[in-house]
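The values are calculated or read from the model by the stated rules, or taken from the named source; none is laboratory data. What you are looking at is a predicted structure, and each value in this text was computed from that prediction instead of being measured. Heads up, the Cβs are rebuilt from the backbone with ideal geometry, glycines too, and the neighbour counts pull from every protein chain shown.
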Amino acid sequence: MLKRSAVLIFCVVVCALMNMSVVSGKEKPKYMWFDAEANFKRLSTPDSIIYYLKTIKDAGFTDAVLDVKTIMGEVLYQSKLAPFFEQYDGVTHLRDYDMLAIFIREGHRLGLKVHASLNIFAGGHNYLNRGIIYTTNPQWQSVVYVNGKLMPISEKKWAYDGMLNPVNPEVRVYELNVLKEFVGKYKSLDGIVLDRVRFDGIDADFSPLSKSEFEKYARVKLDRFPEDIIEWKLKDGVWSWERGKYFRQWIEWRAGIIGRFFRDARAAVKKINPQLSFGDYTGSWYPVYDEVGVNWASPKYDPSKEYDWAAPAYKKSGYANQLDVYMTGLYYNEVTIDEVNKLNEVNSKNRVEASMGKTKDYWYSVEGGAKLAKKVTAGAVPVTGSILASLYKDPVQFQRAVRMCCEKTDGLMVFDISDVIRNNWWNYLKQAINEK
């Protein structure tokens, strides 16, 4: 009897340990994002980096994401291709200061995975008149069509993003080469997350090159350009745009360019480091994301069945199946679908990113956005719900948003650590993340 009891106890213990292993293996990843500009001074010393990595680990985060290629096209590492992000807001980094190497070394020591974020089709900060579109490559900047006028994006001073033109093959080759150089430099990095792999908005790109390339794609001759695509009209002192006769083909063409870039980028990255996680961030407002030329859905999802801007061939541009990680921006103050249903009209202050739209449907909430993202990605990639910390004035609402991401998606990303620090919301975060 004693031997049988001992065997039984042993089996129970083994099964329990195996079960614990399975449960722990299913832990959802939780990413803290470190924006390059917002944290430039804060991350100027190794001691500070170590302190904040320990802080996020203590709060329950499993991963850190460091922004290493800024919206200006400048980078936080030594590159033969891209300019060094040396000075910002009165602070200077020495060129031999390898911030990412410290992140990797110290993050791994703490058991954190470390990812790098790179802004791809971004080349300038229009508020600062800074970036590669202002120095080495002004010819790469996007030409925008706004309020009936064509202009280089560097003249669009009411918006900070100085975006490049993804149609330009020189731009795409350059960005792929930057990615390849970077991935080859940091072999122990756990992953990369691409950002701003898009057009500026519905107003871009309307350069002669884009006109010519679209005509080849659609096999048409544009007699009225840009009006054959979109046309701006002024009514009662307010500008608005309307679709032209080739609008749907134009939307399809732009999304195809972005989709092909993701396929090319994944192939290039995996060839150098097959183990590297390949990720992307976009906003979650899919019903209007055609305006920035991006189809982050699964190719199996057909938007033409739900949205009148999509032709049947639009689904071919979906690239969710190219990703290992997909971070969707659930940048809404409303947390639940019920909260959205109680609102009568849009609060324009909540539209915090490009092409978020002018109406509030169910997806205009953390819960609804998560539901939509899971629907359109159709299981092709895990969906990581992403929270914009600066959006929340109430820490309890922020906490509710974090909980909703943890519950309704496959992971959590918080953007950005500087806002959590400023509000001293660590206890709220820790409580929300660690609740079972």
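Couple of notes before you dig in:
- Yes/no for Asp290 being surrounded by fewer than 22 Cβ atoms within 10 Å (Cβ to Cβ), of a type outside the set (A, V, I, L, M) and at pLDDT 95 or above: no
- Within segment 202-223, if we keep just the residues that are of a type in the set (Asp, Glu) and touching a strand residue (DSSP E or B) at 6+ places or on another chain (Cβ under 9 Å), the residue that is surrounded by the fewest Cβ atoms within 10 Å (Cβ to Cβ) turns out to be Asp203.
- Of the criteria (1) out of contact with any His (no Cβ under 8 Å at 6 or more places or on another chain); (2) within 26 Å of Glu227 (Cβ to Cβ); (3) among the small types (Gly, Ala, Ser), which one Gly162 fails: (1)
- Filtered by the rule that a residue be surrounded by 15 or more Cβ atoms within 10 Å (Cβ to Cβ) and either modelled with pLDDT under 95 or among the charged types (D, E, K, R) (or both), segment 228-244 gives Asp228, Glu231, Arg243.
- Yes/no for Ala59 being touching a Lys or Arg at 6+ places or on another chain (Cβ under 8 Å), in contact (Cβ under 8 Å) with a residue 12 or more places away in the chain and either surrounded by fewer than 23 Cβ atoms within 10 Å (Cβ to Cβ) or among the aromatic types (Phe, Trp, Tyr) (or both): yes
- Against the criterion of being at pLDDT 95 or above and within 17 Å of Thr70 (Cα to Cα), Leu164 qualifies.
- Candidate set: segment 77-98, residues that are closer than 14 Å to Asn177 by Cα and of a type in the set (A, V, I, L, M, F, W, C); chosen: the one surrounded by the fewest Cβ atoms within 10 Å (Cβ to Cβ): Leu81
- Those residues of segment 297-325 which are charged (D, E, K, R) and in contact (Cβ under 8 Å) with a residue 60 or more places away in the chain, in sequence order: Lys300, Lys316, Asp324
- Some residue of segment 166-181 being closer than 18 Å to Val143 by Cα, surrounded by fewer than 20 Cβ atoms within 10 Å (Cβ to Cβ) and not aliphatic (A, V, I, L, M): yes
- Residues that are of a type in the set (S, T, N, Q), surrounded by fewer than 16 Cβ atoms within 10 Å (Cβ to Cβ) and at pLDDT 95 or above within segment 1-50 comprise Thr45, Ser48, listed in sequence order.
- Any hit, segment 257-271, residues being in contact (Cβ under 8 Å) with a residue 12 or more places away in the chain, farther than 28 Å from Leu66 by Cα, among the aliphatic types (A, V, I, L, M) and crowded, with 17+ Cβ neighbours inside 10 Å: no
- Qualifying residue in segment 167-187 (condition: part of a loop (DSSP other than H, G, I, E, B) and under 24 Å from Leu100 (Cβ atoms)): yes
- Filtered by the rule that a residue be closer than 26 Å to Phe278 by Cβ, of a type outside the set (A, V, I, L, M) and in contact with an Asp or Glu (Cβ under 6 Å, 6 or more places away or on another chain), segment 361-383 gives a lone residue, Pro382.
- Failed item in (1) at pLDDT below 95; (2) touching a Leu at 6+ places or on another chain (Cβ under 6 Å), with Ala64 passing the rest: (1)
- Matching residues, segment 230-285, being within 22 Å of Val173 (Cα to Cα), aromatic (Phe, Trp, Tyr) and assigned to a strand (DSSP E or B): Phe278, Tyr281
- When residues in segment 364-401 are screened for being in a helix (DSSP H, G or I) and within 30 Å of Tyr307 (Cα to Cα), 14 of them pass.
For every residue, the table says whether it meets (1) under 21 Å from the mean Cα position of the chain (by Cα); (2) aromatic (Phe, Trp, Tyr); (3) not in a strand (DSSP E or B).
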position: Leu66; (1), (2), (3): yes, no, no
position: Ile71; (1), (2), (3): yes, no, yes
position: Tyr97; (1), (2), (3): no, yes, yes
position: Glu106; (1), (2), (3): no, no, yes
position: Arg109; (1), (2), (3): no, no, yes
position: His115; (1), (2), (3): yes, no, no
position: Leu128; (1), (2), (3): no, no, yes
position: Tyr145; (1), (2), (3): no, yes, no
position: Leu150; (1), (2), (3): no, no, no
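- From the list Lys185, Lys149, the one residue that fits, being farther than 24 Å from Gly279 by Cβ, among the basic types (Lys, Arg) and surrounded by fewer than 17 Cβ atoms within 10 Å (Cβ to Cβ), is Lys149.
- Every condition in (1) acidic (Asp, Glu); (2) closer than 18 Å to Val294 by Cα; (3) surrounded by fewer than 17 Cβ atoms within 10 Å (Cβ to Cβ) holds for Asp195 except the one numbered (3).
- Any chance Phe103 is aromatic (Phe, Trp, Tyr), in contact with a His (Cβ under 9 Å, 6 or more places away or on another chain) and at pLDDT 95 or above: no
- When segment 317-340 is filtered for residues that are within 21 Å of the chain's Cα centre (by Cα) and not in a loop (DSSP other than H, G, I, E, B), the ones remaining, listed by number, are Ser317, Ala320, Asn321, Gln322, Val325, Tyr326, Met327, Thr328, Gly329.
- Test: residue in segment 159-179 that is touching an Asp or Glu at 6+ places or on another chain (Cβ under 8 Å) and farther than 30 Å from Trp239 by Cβ: yes
- Qualifying residue in segment 333-340 (condition: buried (at least 20 other Cβ atoms within 10 Å of the Cβ), at pLDDT 95 or above and touching an Asp or Glu at 6+ places or on another chain (Cβ under 7 Å)): yes
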